[in-house]
Amino acid sequence: MVYDKIVIASDKDLKVVMSPIRQKIMKFMRVEGKPVTSKYIADRLNITPSSARHHIKLLEQLGIIKTDHCEIINGITAKYLTITDKTVSLGQNLNDELSEERDILARNMIYETYNGFQNLIKDNRTHLTDEFNKGNIFADVLSGVVHLTEKEANELYDIINTFINSHSKSTETSHPFEYALIAYRADLIENEVRSK
């Protein structure tokens with residue numbers, strides 16, 4: 001399956017997604033999981049509405065945010081925005097002068113996810129243990145190795161991507177789960193080490 005993908009290939013695009021405030025806006029919108037206005041974003045992130053509009057405009061130009069719909073509220077047109085269903089690739093596989101910056105961004109994104117996980121665990125360990133014992137999972141880390149053919153690896157990627165995209169919007173009964181998935185061919189690293 002081919003997904004609509006945004007590849008961060010230029011220095012300009014990388015600067016757009018590396019901005020800490022734009023990272024916060026994207027994460028906030030993903031956690032909300034529903035269309036929101038720039039004023040709503042500004043109020044929740046404690047930034048000025050003009051700053052929110054500026055950052056949103058850059059994310060719209062990149063194709064990460066789009067207009068969902070408009071509503072007339074008290075005679076004023078309110079534009080509701082949403083995160084697109086496009087997969088954003090940092091372009092880690094590109095061999096260019098931006099590799100170091102991409103690595104910094106990837107490490108930060110993984111750190112932020114893990115830090116949120118750690119804060120949840122630290123502050124709610126007893127409650128989470130009780131829920132886990134009831135069969136409810138609120139937080140977990142899975143790690144290991146699976147052995148896949150290239151075809152199976154592509155199928156797994158498709159399954160994960162399809163599932164994630166079909167659950168990117170909130171419902172009345174859903175809750176936002178933040179995730180960071182990393183997968184790579186471990187034998188390629190071992191072969192590189194063995195050849196040295």
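What follows draws every value from the coordinates through simple rules; no lab data is involved. Because the structure is a prediction, the values reported are computed rather than measured. Cβ: placed from backbone, ideal geometry, glycine included. Neighbour counts: every protein chain shown.
Structure values in brief
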{"item": "For Gly63, residues with placed amide H under 5 Å, excluding near neighbours", "result": "none"}
{"item": "Cβ-defined net charge surrounding Ser170, 12 Å radius [Lys, Arg +1; Asp, Glu -1]", "result": "+1"}
{"item": "Positive-end extreme of charge dipole, the chain - chosen from Leu188, Met29, Ser99 (charges on Cβ)", "result": "Met29"}
{"item": "Theoretical ellipticity at 222 nm over the chain - DSSP helices of four or more residues, -39500 (n - 2.57) apiece, nearest 500", "result": "-17500 deg cm²/dmol"}
{"item": "Amide proton proximity set for Ala9, modelled H, under 5 Å, gap of 5+", "result": "none"}
{"item": "Potential extension, Phe138-Lys122 segment - 0.36 nm per residue separation minus Cα distance", "result": "4.5 nm"}
{"item": "Placed amide H near Thr37: partners under 5 Å, 5+ positions off or other chain", "result": "Leu81"}
{"item": "For the chain: span of alpha carbons on each principal axis (Å, largest first)", "result": "68, 49, 32"}
{"item": "Dipole in debye (nearest 20) - the chain, about Cα centre, beta carbon charges: Lys, Arg +1; Asp, Glu -1", "result": "680"}
